[in-house]
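Inspection log for the structure reproduced underneath, given as structure tokens.
Quick note: the coordinates plus some simple rules give every number you see, no bench work behind them. Note that this is a predicted model, so its numbers are computed, not measured. Note that we place each Cβ from the backbone using ideal geometry, even for glycine, and neighbour counts take in every protein chain shown.
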Amino acid sequence: MENAADRVARQLASALTASRRRIVFAESCTAGLAASLMADIPGVSECFCGSAVVYRNATKQAWLGIRPDWLADPDIGPVSREVADAMAVGALESTPEADVSAAVTGHLGPDAPPALDGVVCLAVAVRNRAGGEGPAVVASRRIQLQSRDDDRLKLRALRRGDATRLLLEAALHVVQAD
């Protein structure tokens, strides 16, 4: 049975194909779920480049060039719009054939710090088509996911699905608007 995230992934693939664009993801808290949903779509290789699963801070830094001082800063940290924005830009800069990137970072629980429990940050970047200064973040959000289940493992899985759907929706909105 198809769920909301599957449906949005198909819509995104269709919109990307129609606009002759390609996407790359940078996924932390979703651990590659957006990439997995895209990979289930026949013919998606025309518009889907891949995904960097950057679960740990050192990997975010090494693969996407995230500033270590941001990751260590208690006022910014790995779950922030600044880091999500930098992840989106880093993924796009590392993937020359991609036109769009979408990034997600967050704390899905159940053992997250209370102030960050269920917080997800998303960003979508696009390559400057005019050959200008490089990728630009065009959408960035911080979202508080709600608890929908008391079972700790089920809560995490539900939030991962919600975060993935939100990431795909953000990318779809940008692709359709451009």
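Worth a mention:
- Semi-axis lengths, largest first, of the ellipsoid equivalent to the chain are 25, 21, 12 Å, with √(5λ) applied to each eigenvalue of the Cα gyration tensor.
- Most mobile of Ala35, Ala72, Ala13 in a GNM of the chain (Cα contacts under 10 Å): Ala72
- Fluctuation leader among Leu92, Leu12, Leu155 - the chain, Gaussian network, Cα springs under 10 angstrom: Leu155
- Overall shape of region 74-167 was characterised from the C-alpha gyration tensor. The equivalent ellipsoid obtained from it has semi-axes of 29, 13, 9 Å, in decreasing order.
- Spread of Cα-to-Cα distances over 5 Å intervals beginning at zero, given as percent, for region 34-78: 5, 20, 21, 13, 12, 13, 10, 5, 1
- Descending principal axes extents, region 32-126, alpha-carbon based, whole Å: 42, 27, 20
- Using only side-chain charges placed at the Cβ, +1 for Lys and Arg and -1 for Asp and Glu, the dipole size of region 4-177 relative to its Cα centre rounds to 340 debye.
- Span-like helix ranges in the chain, DSSP H, alpha carbon extent 20 angstrom or more, Kyte mean at least 0.0: 4-19, 152-177
- Proximity of backbone amide H atoms, modeled 1.01 Å from N, is registered between Ala139 and Val124 at under 5 Å, excluding neighbours fewer than 5 places apart on the same chain.
- Stretch in the chain that is longest and holds no GluC sites (Glu not before Pro) that DSSP places in a loop and that have at most 10 other beta carbons within 10 Å: 3-96
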